[in-house]
Amino acid sequence: MQSLDMAAMELREVNATLQAQAETTNQTQWVIENPRGAHAVAVGLDAPIEVTVKGSTGYYCAGMNAQARVHVTGSVGPGVAENMMSGEVVIDGDASQYAGATGRGGLLNIKGNASSRCGISMKGIDIVVHGNIGHMSAFMAQKGNLVVLGDAGDALGDSLYEARLFVRGTVKSLGADCIEKEMRPEHLELLADLLARAGADAKPEEFKRYGSARNLYHFNIDHADQY
């Protein structure tokens with residue numbers, strides 16, 4: 001196991017070392033010590049390596065991740081796993097605003113709560129939040145799955161496209177063009193797989209599904225008050 005100590009190394013050197021790993025590397029296990037809330041830790045990775053960040057980080061941790069598994073043993077600031085392509089990002093604590101924003105693939109697994117705009121403009125990422133999420137989550141979410149074991153704040157799924165939203169708790173309010181939808185067998189199967197992958201102690205039957213009513217795909221004067 002390789003160790004990178006941010007008490008002795010600059011952030012640029014830490015990230016460059018991880019980014020230099022190739023798909024065929026035999027140095028697959030990495031630990032980042034003393035992150036001390038630093039921003040942009042473990043960004044731009046593109047190799048099948050495992051990185052454990054021992055402590056909390058600032059904004060954009062594990063941004064643009066591809067292939068790697070990044071595990072943060074604390075909490076994270078805004079924009080964790082932003083534009084994630086593949087791989088897995090696990091947060092033991094809470095996540096601040098716009099977690100998983102614009103994510104295109106992979107799994108973001110948040111063991112605590114997520115703040116506002118979780119999954120904003122998601123484009124294929126899977127996000128599982130074991131706690132609650134804040135307002136305007138999944139705003140303009142285009143593709144992927146957002147699973148919430150707790151409650152959701154105001155305006156969930158506002159201007160939603162084809163992303164699927166699963167919430168076990170209460171939803172304070174739904175955003176424009178977001179409605180509750182039928183939970184069919186294929187959705188229960190999908191949800192069971194996501195919960196298992198995230199190690200979440202919940203049953204698919206406990207959730208409600210939300211999605212787009214598809215009234216705002218094209219401008220229609222009859223729906224002008226909803227824009």
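The values are calculated or read from the model by the stated rules, or taken from the named source; none is laboratory data. On a predicted model such as this, the values are computed, not experimentally measured, just so you know. Counting neighbours? That spans all protein chains shown, and the Cβs are built from the backbone with ideal geometry, glycine included.
A few comments on the model shown:
- Residue tally, condition within 24 Å of residue 99 (Cα to Cα) and touching a helix residue (DSSP H, G or I) at 6+ places or on another chain (Cβ under 9 Å), over segment 1-34: 3
- Counting only strands (runs of 3 or more DSSP E) that sit wholly inside segment 7-113, not one has at least 3 residues that are touching a residue at least 40 places away in the same chain (Cβ under 8 Å) and basic (Lys, Arg).
- Residue in segment 177-184 that is closer than 20 Å to residue 212 by Cβ and either in contact (Cβ under 8 Å) with a residue 40 or more places away in the chain or crowded, with 18+ Cβ neighbours inside 10 Å (or both) present: yes
- Residue match in segment 171-182 (condition: within 20 Å of the chain's Cα centre (by Cα) and modelled with pLDDT under 95): no
- Taken as a whole, segment 156-164 holds at least one residue that is in the same structural domain as residue 220 (by TED's automatic domain parsing), crowded, with 21+ Cβ neighbours inside 10 Å and either outside any loop (DSSP other than H, G, I, E, B) or in contact with a helix residue (DSSP H, G or I) (Cβ under 7 Å, 6 or more places away or on another chain) (or both).
- Residues of segment 189-201 include none that is surrounded by 13 or more Cβ atoms within 10 Å (Cβ to Cβ), over 21 Å from the mean Cα position of the chain (by Cα), assigned to a helix (DSSP H, G or I) and assigned by TED's automatic domain parsing to the domain that holds residue 110.
- Members of segment 43-79 that are under 23 Å from residue 134 (Cα atoms) and touching a Phe, Trp or Tyr at 6+ places or on another chain (Cβ under 7 Å): 77, 78, 79
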